[in-house]
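To start, the structure under review is shown below, and the notes come after it.
The values are calculated or read from the model by the stated rules, or taken from the named source; none is laboratory data. All of these numbers come straight from a predicted model, not from anything done at the bench. No Cβ is skipped: glycine too gets one built from the backbone with ideal geometry, and neighbour counts run over all protein chains shown. When the accessible area is computed, the model is the full protein with side chains, heavy atoms only, and any ligands, DNA or RNA have been set aside. Shrake-Rupley method; radii C 1.70, N 1.55, O 1.52, S 1.80 Å.
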Amino acid sequence: MGFNNSIEGVWGHYSYKNYLSLKGMYGRPRLYLDYAESAVRGADLTLSLSDIAGWKSASLQLEGSYVNRYENLKDNADYVDRLTTNNLDMYAVGGNFNWNGLDVRAEYVTKTKDLPEISSATEVDGNAILAEVGYATGNFSALGTFRRLEHMNTMLTLQGQGAGNTLNYLPALTRQYTYMLANLEPYQVNAEGETAGQFDVYYSLRPASNRSRYWNFHANFSTAYSDKNITGESRLLWRDINADVEHRWNKQWKTAVLVSVQEWSLHMEWTTKLMLRIFLLLTIHTSSTAMALRAELQYLYSTDYEKDWMAALLEFSMAPRWSVSVSDMYNHGTTKVHYYTASVSYTRKNTRVQLSYGRNRAGYVCSGGVCRYTPAYTGANLVVTSSF
């Protein structure tokens, strides 16, 4: 995805029983194939009040963090009129509380003055608030998340370019889809100013007589609004209301149905009207000990932008080595274009090699909440992934 925020330097950790944990680090960050022209240092302190008090059924922790980025640019001719200091400081305080299936987390972050973009004329300070409440009991669980950001885009170096020049990771508070049409126009977090929230509810039905047969129910709601200090008024950027049902009929067959209603501002532009689309998915999965077959049928209804889409996918895998798939997305609303793909992958131990060929639609590709723009092309794509 272009992100490689590793740091070459020193790191230390000290803990006292279960009461206290202190971590510290200092080094120079990696930026693509070279190093950034900056130094990053930080410290993190965790204090377990529940362990100090001897609580058995509840957990309460307080946390504090500090991060500093130093870059000698204040006297540089390109920055002398825009920078007041070579240091950027970020502070965070927060806490976690857990009791009988209830989990509560809150964090507040503040940031000293920084250039939000390389071309910015003036410095701005930033802040963020995060609050999470979760509850789980038996087959039921729920999680709600609220976050407010203001000028929290932070670069590794003011002299770097691209998506990889990112010090802090800010995922969008939306459901992360892996389906083609549901992820056609994913939301990207607006780090300069947004208020967002997400709520999930899960429920599972599993007969005691046959645990291989089950029903899984999931409902999700997410939304994001712009910061009125930037746009003049708080405007809707994104809203997604979705629900899915997964049912395993026996050890071989499993089906899933997903419905998603999405409303969004085209390319996050304030003057563009909102787009509404409804996505429907049906997936069928059958498997044996060594082989599995998965089929997906997808449909997207919309009266705006590129209008209606349909898609299909067929994937056959032979564990634990081979996987072959073919798919096609067709826009029958306006462009009448097919976006087809055929791929084969081979996995051995911790390494996976995938070769694919097809037509790629221009747009954002998201993985794990990180999005990058990919241009339109027709051709081959080779991906090698290895973990160690």
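Sort out which residues of the stretch 22-34 are free of Cβ contacts under 8 Å to residues at least 60 places away in the same chain, surrounded by 15 or more Cβ atoms within 10 Å (Cβ to Cβ) and under 25 Å from the mean Cα position of the chain (by Cα), and write them in order of number. Of everything in the stretch 22-34, just one residue is free of Cβ contacts under 8 Å to residues at least 60 places away in the same chain, surrounded by 15 or more Cβ atoms within 10 Å (Cβ to Cβ) and under 25 Å from the mean Cα position of the chain (by Cα), namely ARG30.
Of the residues VAL383, VAL365, VAL344, which is farther than 27 Å from VAL245 by Cβ, among the aliphatic types (A, V, I, L, M) and surrounded by fewer than 12 Cβ atoms within 10 Å (Cβ to Cβ)?
On the way: VAL365 fails: surrounded by fewer than 12 Cβ atoms within 10 Å (Cβ to Cβ); VAL344 fails: surrounded by fewer than 12 Cβ atoms within 10 Å (Cβ to Cβ).
Answer to the selection: VAL383.
Of everything in the stretch 42-66 that's polar (S, T, N, Q) and open to solvent by less than 50 Å² (accessible area, probe 1.4 Å), which residue is nearest to SER21 (Cα to Cα)? The qualifying residue nearest to SER21 (Cα to Cα) is THR46. Taking every residue in the stretch 340-354 that is free of Cβ contacts under 8 Å to residues at least 12 places away in the same chain and pairing it with any residue that is of a type in the set (Gly, Ala, Ser) and open to solvent by 50 Å² or more (accessible area, probe 1.4 Å), at least 6 positions away or on another chain, the pairs with Cβ-Cβ distances below 9 Å are LYS349/SER386. For first residues located in the stretch 80-102 and at positive phi, partners that are part of a loop (DSSP other than H, G, I, E, B) and among the hydroxyl-bearing types (Ser, Thr, Tyr) and lie 6+ apart or on another chain with Cβ distances below 8 Å form the pairs ASN100/SER57.
For the residues ARG372, ARG359, the requirement of being of a type in the set (Lys, Arg), in contact (Cβ under 8 Å) with a residue 40 or more places away in the chain and farther than 28 Å from SER288 by Cα singles out ARG372. How many residues are touching a residue at least 24 places away in the same chain (Cβ under 8 Å), closer than 11 Å to ASN98 by Cα and either hydroxyl-bearing (Ser, Thr, Tyr) or in contact with an Asp or Glu (Cβ under 7 Å, 6 or more places away or on another chain) (or both) if we restrict to the stretch 44-63? Of the residues in that region, 2 qualify. Taking the stretch 110-159 as the range and being of a type in the set (Val, Ile, Thr) and in contact (Cβ under 8 Å) with a residue 60 or more places away in the chain as the test, the residues that pass are THR154, THR157. The number of residues in the stretch 68-85 being open to solvent by less than 50 Å² (accessible area, probe 1.4 Å), touching a strand residue (DSSP E or B) at 6+ places or on another chain (Cβ under 7 Å) and of a type outside the set (D, E, K, R) comes to 1. For the stretch 150-157, state whether one or more residues are open to solvent by 50 Å² or more (accessible area, probe 1.4 Å) and at pLDDT below 95. No, the stretch 150-157 contains no residue that is open to solvent by 50 Å² or more (accessible area, probe 1.4 Å) and at pLDDT below 95.
Only one of the numbered conditions (1) open to solvent by 50 Å² or more (accessible area, probe 1.4 Å); (2) assigned to a strand (DSSP E or B) is not met by ALA121, and that is (2).
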